[in-house]
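See structure below.
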2 protein chains.
Amino acid sequence: MNYPNGLKKSTQKGHSQKKFSNRGMTLEEDINLANKYYLAINKAVIHKKPTPVQVVRVHYPKRSAAVVTEGYFKQASTTDYNGIYRGKYIDFEAKETKNKTAFPLANIHAHQIEHIRSVAKHGGISFVIVRFTTFHETYLLKAEHLLYYWDRQQKGGRKSIPYKAFKSHASLIPIKFQPRIAYLDLVDELYF
Amino acid sequence: MNYPNGLKKSTQKGHSQKKFSNRGMTLEEDINLANKYYLAINKAVIHKKPTPVQVVRVHYPKRSAAVVTEGYFKQASTTDYNGIYRGKYIDFEAKETKNKTAFPLANIHAHQIEHIRSVAKHGGISFVIVRFTTFHETYLLKAEHLLYYWDRQQKGGRKSIPYKAFKSHASLIPIKFQPRIAYLDLVDELYF
């Protein structure tokens with residue numbers, strides 16, 4: 001099981017960032033930096049939603065902040081990122097995989113898929129960013145392609161999107177200097 | 001201090017809903033129900049963001065879910081609600097006050113104000129929903145008015161928005177049957 005990213009980050013950040021500089025950054029870190037940059041230059045307002053935690057018990061110490069002493073990670077019902085870009089609603093999910101031949105659809109929950117479907121239906125910009133960590137390749141796959149593979153799976157088709165499909169249907173996000181993952185460049189090309 | 005809503009909800013929900021039916025619903029509950037309804041009838045895709053919890057310690061029991069054993073509520077850097085409506089990005093904050101004469105600006109954090117300002121600048125639909133609980137009145141106040149009072153406060157002006165200003169600059173959200181707080185009716189009037 002993969003625990004939500006908020007957690008991974010706090011345990012891995014320290015050494016991965018120091019030792020390998022940009023090479024070791026997680027996709028989430030890359031996207032957060034890109035969003036920070038886009039916000040700073042007034043290009044877009046896109047934020048990551050907090051990891052949902054079901055708070056069960058809280059302790060209130062005197063004179064200090066409340067402490068959650070029992071909480072559970074909940075499954076996200078929407079995607080991780082959303083906001084506004086060039087006046088349009090933008091909404092996406094980001095996933096990494098170590099798999100070399102395909103992106104397993106089990107990485108995305110049914111609720112998230114239905115959210116992506118709704119957003120696309122309402123005219124929003126909706127996609128998924130997938131990183132094949134072994135190849136250091138990050139792709140932007142439009143909602144329509146993701147939904148095609150998801151729906152095929154529901155009818156008994158394969159449970160993953162082949163790496164080859166990314167080569168032909170998705171767009172490779174080039175690595176730049178600032179921001180490193182300039183995914184909005186691709187959004188310009190694909191949606192405007 | 002007001003703790004984040006996620007918490008209030010879990011302690012108040014049980015009796016307030018049962019005993020007083022709709023009368024006792026919090027603004028958050030009302031808005032969540034409205035959003036659920038809007039999603040079900042395919043009118044809009046608007047969700048509440050999870051309450052941000054800084055996870056510090058996690059326990060992994062064998063064969064069961066991870067438990068957050070130490071976490072802290074973080075201040076939200078954006079607003080609570082956002083999504084897409086009629087193809088446009090929509091983003092808002094919702095606050096209740098027991099105050100009878102004014103809405104204290106301390107209820108909204110500087111980060112949230114700057115977020116609202118950015119969204120408005122990028123052409124998004126941005127506002128705040130304020131409920132005066134004593135009067136059972138819920139208002140929609142457009143970003144421009146909220147920012148006017150905020151900026152005036154920054155220059156040494158009053159630290160609240162007078163109730164009278166809501167009467168003249170905001171729009172009273174009528175109570176309906178389904179959804180009870182049909183705030184998108186007002187959005188239609190004010191933004192389209």
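Taken one residue at a time, the phi angles of region B:64-73 give Karplus couplings (6.51, -1.76, 1.60, θ = phi - 60°) of 8, 5, 4, 10, 6, 9, 8, x, 10, 6 Hz. Gly and Pro are set to x.
Global dimensions of region B:62-126 from alpha-carbon coordinates: Rg and Dmax equal 16.8, 55 Å.
Which whole-percent values make up P(r) of chain A when all C-alpha to C-alpha distances are grouped in 5 Å steps starting at zero? Answer for chain A: a P(r) of 1, 7, 14, 18, 20, 16, 11, 6, 4, 2, 1, 0 percent.
For chain B, the relative contact order comes to 17 percent (Cα pairs under 8 Å, sequence separation of at least 6). Counting only Cα atoms, the protein assembly as shown measures 63, 48, 46 Å along its principal axes, largest extent leading.
Taking the Cα centre of the protein assembly as shown as the origin, how large is its charge dipole in debye, to the nearest 20, when only Lys and Arg (+1) and Asp and Glu (-1) carry charge on their Cβ atoms?
On the way: 62 positive and 30 negative charges, 197 e Å.
It works out to roughly 940 debye.
Peptide B:62-70 has a mean shielding of 5, counted as Cβ atoms of other protein chains within 10 Å of each residue's Cβ.
Label points for residue B:77 are taken 7 Å from Cα along Cα→Cβ. From this copy to the others they lie 2.5 nm apart, shortest first. Sorted from shortest to longest, the distances between the residue A:185 label points of this copy and the other copies are 4.9 nm, with each point 7 Å from Cα along the line through the beta carbon.
Quick one: what do you get for region A:80-192 if you divide its Cα Rg by 2.2 N^0.38 Å? Numbers along the way, then the final one.
Working: Rg = 13.6 Å, N = 113, 2.2 N^0.38 = 13.3 Å.
Taking N as the residue count of region A:80-192, the ratio is 1.03.
Using a cut-off of 14 Å between beta-carbons, work out the net charge of the residues near residue A:147 (Lys and Arg +1, Asp and Glu -1, residue A:147 not included).
For residues surrounding residue A:147, the net value is 0.
Any read-out appearing in this document is the output of simple, stated calculations on the displayed coordinates, not a laboratory observation. Treat the numbers as computed from the prediction; the structure is a model and nothing was measured. Don't worry about glycine lacking a Cβ; one is built from the backbone with ideal geometry, like all the others, and counts go over all protein chains shown.
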